[in-house]
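Notes follow once the structure below has been shown.
No value in this document is a laboratory result; all are computed from the given coordinates. What you are looking at is a predicted structure, and each value in this text was computed from that prediction instead of being measured. Note that each Cβ is placed from the backbone with ideal geometry, even for glycine, and that neighbours are counted across all protein chains shown.
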Amino acid sequence: MDGSMTVGYTYSGTGEYRVDEITVILVRGKELAKGDLVYVEHPKNGSPVVYQVTGVHPHRRVREYEEALLQEGRVLGDPEGTTIHARAYQWGWLDEAGSLRPLRHPISPNTPVRIAEREVIARFTKPNGEWKLLLGTDPSTDLDVELGVYPLIRQSALICGAVGTGKTTTAVSMVARAASLNPPVRFFVVDKDGEYSSLIERLGIDRVLKVPWMRFFQPSDIPWEDYLAEFGWQKTWWNAKILVKALKVLYAQASPVTKHNLRKAVEYVGAESLGFNKKADEFEQYRQQVMNAITGSRLIPDGDLMPLDPVDLLKDRHVVIMDISTGKDTWSQKHLVVAQVLRRIFGEALENRRFGCVVVLEEAMYYAPQRGVFDLGDKDARGKLLGVVKEIATNGGRNGVGLWIVTQRLATVDKTVVTQCANNIICHSLEDLDRQRLAEIVGDEFSRLIGDLPQGEAIVKGTALKCRFPIWVKVLPEVYPASATTTPMSRFVHMELASQGEAPQPQIALDD
Ligand SMILES: Nc1ncnc2c1ncn2[C@@H]1O[C@H](COP(=O)(O)OP(=O)(O)OP(=O)(O)O)[C@@H](O)[C@H]1O
Ligand SMILES: [Mg+2]
């Protein structure tokens with residue numbers, strides 16, 4: 001080890017020297033910054049025991065007359081009396097097998113502390129094996145930060161950050177890279193705003209398929225109560241009995257549930273078969289009510305377009321994007337369809353050991369909201385969806401279905417889901433409120449490191465990293481979200497030109 005690498009020596013103001021956290025007095029002229037990695041030699045075997053710097057501050061002898069001088073506007077330059085203290089906490093050391101171990105032996109007071117060179121850091125940041133993807137670089141060393149793919153599936157991932165901090169860019173880049181590995185990871189992306197379409201250009205139409213959400217809708221999968229709930233009918237009402245009977249007729253014939261088929265089935269339902277013994281024209285009135293309800297239903301499809309099977313689609317494509325950006329006021333129906341699709345995927349994975357995929361939920365609060373915080377759509381449909389998302393979050397990984405959630409607001413997403421996915425966390429800059437929430441999930445140390453990160457930078461922690469400690473990453477985009485091609489300014493340029501009656505200039509990217 002080179003003596004010139006020594007940045008400082010361990011020090012304790014109280015005389016107690018701990019190993020889990022150290023204070024370093026910097027040698028004059030040396031520098032450290034929050035997030036940097038340093039190490040001391042293992043007292044027994046000489047391996048580097050790595051610490052991460054959590055804070056750096058100057059410390060100066062306090063002089064009684066200083067206050068009085070400052071009041072007179074006289075600043076006392078006292079470089080001799082000023083030292084720089086850095087606080088750092090222990091990551092640990094790597095044993096021969098490459099496992100991280102905590103230092104349990106004491107280190108003597110005033111032990112030299114060295115700056116961790118690239119080779120040392122690389123040992124801690126590169127996951128073993130080949131099935132891994134590049135996330136970005138560590139800005140202090142310029143080393144690549146890579147994530148192991150297996151833990152990202154087995155233990156899921158959470159990508160969070162405030163508005164416009166780069167969450168979607170990170171997620172879409174990770175999908176693009178993982179889908180290009182050997183073997184390629186398969187993804188089912190629930191895309192709220194059509195942001196993932198840029199993957200089509202990046203990976204090609206053979207590998208990516210974008211499907212409008214309605215095409216997954218399985219009308220015959222819907223329990224009868226859901227139809228009754230749509231119309232607000234009780235089971236015991238005559239109109240409800242007629243509808244259920246008609247549905248039974250369809251199921252018995254294995255005919256698809258469509259408006260046309262269901263109307264025909266309703267015509268077959270006889271009063272006596274239901275035990276209706278009042279006047280016949282009264283029964284016809286009920287029948288007519290059912291006919292009207294079917295016509296106005298949003299759950300019952302018009303034609304018998306065959307619903308698509310997500311499992312089938314994933315056999316031939318690396319990425320299937322379920323585009324739910326169309327249709328504004330139909331959240332309860334979207335919830336129902338997303339729940340159907342996720343159930344199908346998870347069900348297949350449970351039965352078929354040759355199937356797996358990663359489910360990506362962009363804007364997770366729309367699918368797994370924390371109760372009482374963000375309520376959208378209908379309670380019933382929402383509950384069903386939350387149920388299956390929770391199940392995938394807790395049991396998906398071990399059955400080959402990983403869950404990656406992207407969210408802006410941690411507090412609005414269901415606690416169980418966030419906590420499960422936080423086994424791997426890629427955290428961009430956060431609002432204060434969410435930083436507190438984060439501290440509850442992954443601890444203070446991590447949330448203190450976040451600070452104000454520039455766009456595109458994040459703190460990463462989790463099982464997908466080689467070390468279990470947070471690393472600062474400048475994310476290298478592979479693909480940008482579709483929205484990134486339209487800047488807010490270009491929209492206003494467009495409007496201004498239009499209002500002046502000029503044709504927009506072709507060189508300005510104006511389109512959505
Ligand atoms: N890693 C990065 N490197 C460089 N620029 C980036 C990076 N990530 C994001 N950006 C820039 O920041 C912009 C916003 O990124 P992005 O849409 O990914 O953020 P977001 O957090 O998903 O935003 P929103 O909260 O609106 O969903 C992008 O248009 C891109 O220009
Ligand atoms: Mg986004």
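Values for this structure:
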item: Links that overshoot a 18 Å alpha carbon limit, given the list K132/K167; K259/K384; K235/K384; K334/K379; result: K132/K167; K259/K384; K235/K384
item: P(r) weight above 15 Å for the range 114-166, C-alpha pairs, percent; result: 59
item: All-pairs Cα distance distribution in the range 1-142, expressed in whole percent, bin size 10 Å; result: 10, 36, 29, 15, 7, 3, 0
item: Radius 11 Å from Cβ of G81, net charge of other residues (Lys, Arg +1; Asp, Glu -1); result: 0
item: Neighbourhood net charge (10 Å Cβ-Cβ; Lys/Arg +1, Asp/Glu -1) for R448; result: 0
item: Kyte-Doolittle mean at least -1.0, axial Cα span of 20 Å or more - DSSP H helices of the chain; result: 238-253, 280-296, 331-351
item: Local net charge near R468, Cβ-Cβ under 13 Å (Lys/Arg +1, Asp/Glu -1); result: +2
item: The range 357-494 pair-distance distribution - Cα-Cα, 5 Å bins, rounded %; result: 2, 9, 16, 20, 18, 16, 11, 5, 2, 0, 0
item: Cβ-based exposure ranking for H428, H57, in which fewest neighbours within 10 Å come first; result: H57, H428
item: The chain - Kirkwood radius from inverse mean 1/r over Cα pairs (Å); result: 26.8
item: Diffusion constant of the range 409-479 at 25 °C, which comes from Stokes-Einstein with the Kirkwood Cα-pair radius and 0.890 mPa s, µm²/s; result: 196
item: Dimensionless Rg over Rh [the range 219-296; C-alpha; Kirkwood]; result: 0.93
